[in-house]
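Enquirer: Before I ask anything, here is the structure I am working with.
The values are calculated or read from the model by the stated rules, or taken from the named source; none is laboratory data. Treat the numbers as computed from the prediction; the structure is a model and nothing was measured. Methodologically, a virtual Cβ is constructed for each residue, glycine included, from the backbone with ideal geometry; neighbour enumeration extends over all protein chains shown. Heavy atoms of the whole protein, side chains included, go into the accessibility calculation; ligands, DNA and RNA do not. Shrake-Rupley method; radii C 1.70, N 1.55, O 1.52, S 1.80 Å.
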Amino acid sequence: MAKQEDQFKKVLSHAKEYGYVFQSSEIYDGLSAVYDYAQNGVELKKNIRDYWWKAMVQMHENIVGIDASILMHPTTWKASGHVDAFNDPLIDNKDSKKRYRADVLVEDYCLKIEGKIDKEVKKAAKRFGDDFNKEEFLATNGRVLGYQEKIDTILSRLGKSLENEDLADVKLLIEELEIADPLTGSKNWTDVKQFNLMFGTKLGASADTAMDLYLRPETAQGIFVNFLNVQKTGRMKIPFGIAQTGKAFRNEIVARQFIFRMREFEQMEMQFFVKPGTQKEWYDQWKETRLKWHLSLEMGADNYRFHDHEKLAHYADAAADIEFKFPFGFKELEGIHSRTDFDLKAHEEFSGKKLQYFDHEENKNYVPYVVETSIGLDRMFLAVFSNSLQDEELENGTTRTVLKLPAVLAPIKAAILPLVKKDGLPEIARKIVEDLKWDFNVSYDEKDAVGRRYRRQDANGTPFCITVDHDTIENNTVTIRHRDTMEQKRVAISELSAIIKQEVDVRSWLMKM
Ligand code: GAP
């Protein structure tokens, strides 16, 4: 646990030190759960967005993109159910005046019991050595089974109480488990209340005529309300998809874990409209396709797992998360939801406009079913960044910090370094920058000894360093150093572009899907 926390602290400080992520309005002590992307962060974020867009839109003839507004007619959110049901159960501690999500307090309690199971496993692994069989131990050890049963009972009661809106029972559960305020230890709790997560705002100048609006809590509704416009103007035939990336806003009660849970964040969503009755087939297909997209980035197959939802949202007939192993454990990275015809039907009802598709093969109108893929861009950023940050022991006994970002996503693809700041070497290096920058984001670095510059570029995630030395003047060759292997090769300047392209080209990465 302490190791995980240390690793996470490293991620946070590295993100700041190397110009990836800053706290928003830092000079005013920041704004909770709101972050700014810095000079390198903005490039990494853009590259992730492009990688998603290429895979989802450019590579699919039947998927097109839109960019809907953040502000939408307020009835949108009535129809979608967000006004009435986009709530989190919150509880206040009367002594500390701190506010918590009641369900998270209970879940954290269960995580502690899970920690006890992990301890038992570690102890047994040590005792039995090579003969240890983890699955068998988990399935038969009395103490572990007792812990697991306790977790299951608690979570099942929590799930039922939330489903039945029985908030009094959620409070009772917290009291029975003797859960204390994590900061102060106080058990003096208020009742549990529902809290709507949408941010409100106003449209219009005068106070009495201004219209109450919301900042969108998901991008999906911008797609639903444009469904027919896109279908007709794009002459789209079912099955087809509409994709979108953009900001979403949620007034999260428990906003923590850096950019994992933010109040202003970006989503990359795709709604796939299908014939009723075929949704299961498409749901399975999109689960597989989306996992392949993640795996194409080669961040370790063991770092992903599916979590199929047992408790479904009112609009869904199936749902699963792709979870990623973040520094604080496996957590949701992306959701794949079979949303039935709930959204389009609700918008039909609230707008009085038909949102139906005429199927020429079937010779009839119907409201399509929808399979949605929805991933948080910031969460993907955190997955990529935290997984890439590594401390490596070198053969000479020293360590280096290296950010092994997938080369296709790296903000800067190559740094061009003149060995010394004289003898015409900077001029040649500048010429190489001028040539490469047409195709790649490259940088020029002449400060400090070349070894220090290599380390700086390693920590920055730059896949290649290109060094110009005195031999370059003689024969037009340079040294190219690979970030991950640290291998150095002598190559002609004319070959550089092709060498870099081979490693950073989106095509070769996406072909792995
Ligand atoms: N349209 C469906 C939808 O919005 P969701 O599970 O609420 O579903 C989808 O959100 C994805 O958006 C999540 O898997 C997560 O990656 C991201 N996300 C949700 N809330 C977030 C937050 N507060 N901060 C950062 N990312 C968030």
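Enquirer: If you place +1 on the Cβ of every Lys and Arg, -1 on the Cβ of every Asp and Glu, and leave all else neutral, what size is the dipole of the stretch 87-196 about its Cα centre, to the nearest 20 Debye?
Expert: The calculation lands at about 500 debye.
Enquirer: Now, a different point. In terms of Cα to Cα distance under 16 Å, which aspartates and glutamates are near enough to Lys134, apart from those fewer than 8 places away along the same chain?
Expert: Glu114, Asp118, Glu120
Enquirer: Here's something else I'd like to know. The stretch 423-478: which trypsin sites (Lys or Arg not before Pro) are DSSP loop and have at most 11 other beta-carbon atoms within 10 angstrom?
Expert: Lys447
Enquirer: Compute the orientation-averaged projected area for the chain from the convex hull of its Cα atoms and round it to one decimal in nm².
Expert: Its average projected convex-hull area is 31.5 nm².
Enquirer: A further question follows. Give me the one-decimal nm value for the distance between modelled label points at Glu298 and Ala125, 7 Å along each residue's Cα-to-Cβ direction.
Expert: It is 2.7 nm.
Enquirer: For a protection proxy built on the mean count of beta-carbon atoms within 10 angstrom, sort 36-42, 267-273, 228-234 highest first, please.
Expert: Peptide ranking by packing, descending: 267-273, 36-42, 228-234.
Enquirer: Calculate the spin-label point distance for Ile70 paired with Thr233, positioning each point 7 Å from the Cα along the beta-carbon direction, and give it in nanometres.
Expert: Label at Thr233, label at Ile70, 2.2 nm between them.
Enquirer: Please name which of His482, Val11, Ile238 has its Cα lying farthest along the dipole of the chain towards the positive end, using unit charges on Cβ (Lys, Arg +1; Asp, Glu -1) and the Cα centre as origin.
Expert: So the residue we want is His482.
Enquirer: Whenever you get a sec, compute what percent of the accessible area on the chain sits on carbon and sulfur atoms (1.4 Å probe).
Expert: Answer for the chain: carbon and sulfur cover 49 percent of the accessible area.
Enquirer: Let me ask you something else. What does the extension gain come out to for Glu310 and Lys16, with contour length at 0.36 nm per residue minus their alpha carbon separation?
Expert: In short, 102.0 nm is gained.
Enquirer: Please list the equivalent ellipsoid semi-axes of the stretch 50-92, computed as the square roots of five times the alpha-carbon gyration tensor eigenvalues, in descending order and whole angstrom.
Expert: Working through the eigenvalues yields semi-axes of 33, 16, 10 Å.
Enquirer: For a quick check of your reading of the filter: which GluC sites (Glu not before Pro) in the stretch 142-195 sit in a DSSP loop and have no more than 16 other Cβ atoms within 10 Å?
Expert: Sparse-neighbourhood loop GluC sites (Glu not before Pro): Glu165, Glu178.
Enquirer: With the cut-off at 22 Å, tell me which of the pairs Lys9/Lys331; Lys232/Lys353; Lys54/Lys311 have Cα atoms farther apart than that.
Expert: Correct reply: Lys54/Lys311.
Enquirer: Just to be sure I understand: if I project the alpha-carbon convex hull of the stretch 333-454 onto a plane and average over all orientations, what area do I get in nm²?
Expert: 14.7
Enquirer: Could you state, as a whole-number percent, how many of the C-alpha pairs of the stretch 412-510 are farther apart than 16 Å?
Expert: 51
Enquirer: Quick one: what do you get for the stretch 87-196 if you divide its Cα Rg by 2.2 N^0.38 Å?
Expert: 1.30
Enquirer: Now for a different question. Find how many whole Å separate the alpha carbon centroid of the stretch 231-250 from the alpha carbon centroid of the stretch 295-318.
Expert: 22
Enquirer: Okay, next question. Are there trypsin sites (Lys or Arg not before Pro) in the stretch 259-336 that DSSP marks as loop and that have at most 16 other Cβ atoms within 10 Å, and which are they?
Expert: Those satisfying the criteria are Lys311.
Enquirer: Would you mind calculating the gained length between Glu149 and Asp166 on full extension (0.36 nm times residue separation, minus the Cα-Cα distance), in nm to one decimal?
Expert: Length gained, Glu149 through Asp166: 3.9 nm.
Enquirer: With +1 on each Lys and Arg Cβ and -1 on each Asp and Glu Cβ, how big is the dipole of the chain about its Cα centre, in debye rounded to the nearest 20?
Expert: Its charge dipole is roughly 660 debye.
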